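Everything on this sheet refers to the single structure shown next.
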Amino acid sequence: MKKALLTFFVVSVFASAFATVSDKSENKGKTTELSGSSAIPSVSITGKVIDLNSGEALAGVQVAIEGSIKKVHTDFDGNFKIENLQPGSYNVIASYISYNKSFVEKLEVGKSNQPLNIKLQSAN
């Protein structure tokens with residue numbers, strides 16, 4: 001009985017220590033904003049991708065920000081949303097199998113954004 005309690009105690013201590021180390025490693029490199037600080041709000045790019053000829057929504061199109069790792073895929077209705085961007089100018093690339101890529105250059109993203117509608121032309 002004593003061995004079982006001792007084993008339970010040791011396992012509990014190790015689990016607790018692991019959880020603490022895990023929590024610290026997840027927050028490593030992250031900064032916490034203080035209340036009252038003037039942080040730049042993030043913005044997003046929303047829009048829809050359709051076929052140029054038929055006007056049908058295209059699902060699964062990759063929409064990416066050039067020069068970054070930010071990319072999303074359109075939903076079944078052709079809609080997409082790229083979040084957590086800083087206000088500024090971006091180049092957007094839409095690509096899909098058997099379609100020509102579409103480039104939107106110097107898209108200004110700020111406080112009031114209109115949806116970005118992209119039309120892809122079939123490569124055939």
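The values are calculated or read from the model by the stated rules, or taken from the named source; none is laboratory data. Just so it is clear, the model here is predicted, and its values are computed rather than measured. Cβ placement follows ideal geometry from the backbone for every residue including glycine, while neighbour counts extend to all protein chains displayed.
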When you look at Gly78, is it touching a strand residue (DSSP E or B) at 6+ places or on another chain (Cβ under 9 Å), of a type in the set (Gly, Ala, Ser), on the phi > 0 side of the Ramachandran plot and modelled with pLDDT under 95, yes or no? no
Search result, residues across segment 54-63 that are surrounded by fewer than 18 Cβ atoms within 10 Å (Cβ to Cβ) and either outside the structural domain of Phe103 (by TED's automatic domain parsing) or touching a Lys or Arg at 6+ places or on another chain (Cβ under 9 Å) (or both): Gly55, Ala57, Gln62
Residue list for segment 78-95, restricted to those being outside any strand (DSSP E or B) and under 14 Å from Gly47 (Cβ atoms): Gly78
Across (1) under 17 Å from Lys48 (Cα atoms); (2) exposed (fewer than 13 other Cβ atoms within 10 Å of the Cβ), Ala94 clears everything bar (2)
